[in-house]
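First comes the structure, then the notes that go with it.
The values are calculated or read from the model by the stated rules, or taken from the named source; none is laboratory data. Here the structure is a predicted model, which means the values were calculated and not measured. Please note: Cβ atoms are built from the backbone with ideal geometry, for glycine as well, and neighbour counts cover all protein chains shown. Heavy atoms of the whole protein, side chains included, go into the accessibility calculation; ligands, DNA and RNA do not. Shrake-Rupley method; radii C 1.70, N 1.55, O 1.52, S 1.80 Å.
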Amino acid sequence: MLSTGIDIVANSRFSNPSERLLGHLFTNYELEKGVQKSEYYASRFAAKEAFVKALGTGFIPQVTPKDIEIRCDDLGKPYFVLYNGAKERIKGREISLSISHEKEYSVAMVVIL
């Protein structure tokens, strides 16, 4: 079964985020790798939203934003590292992620096979 999810986020939503908000939405890895740019956080949040849309659950207690981590390979291609309920719900399925951003918006698309 194929499922897709897409999300768009205004970069301005992350122009001056509180530490509490960042700690609620992003893993320690993402915070350490973060370049403190609104595009970075907006694109990662869009990817997390697109993932739960493709999953068909939205954010639920078993799948939180911190259960979904976005990393990039040596060529800059983004991919997911999943934890807890997010990992359990994806077992045996492949995931494709694409992220893009420009001055005002960030967008992400997820395909789950």
Scanning the stretch 18-51 residue by residue, those surrounded by fewer than 15 Cβ atoms within 10 Å (Cβ to Cβ), of a type in the set (Ser, Thr, Tyr) and in a helix (DSSP H, G or I) turn out to be Tyr29
Can you tell me which residue among Val63, Val52, Val81, Val110 is farther than 23 Å from Leu21 by Cα and among the β-branched types (Val, Ile, Thr)?
Val110
Contact list please: Cβ distance under 9 Å, first residue in the stretch 73-95 and among the aromatic types (Phe, Trp, Tyr), second residue assigned to a helix (DSSP H, G or I) and open to solvent by 80 Å² or more (accessible area, probe 1.4 Å), pairs at least six apart or on different chains.
Tyr83/Lys66
Selection count where residues are open to solvent by 60 Å² or more (accessible area, probe 1.4 Å), of a type in the set (S, T, N, Q) and within 24 Å of Ser12 (Cβ to Cβ), scope the stretch 55-113
2
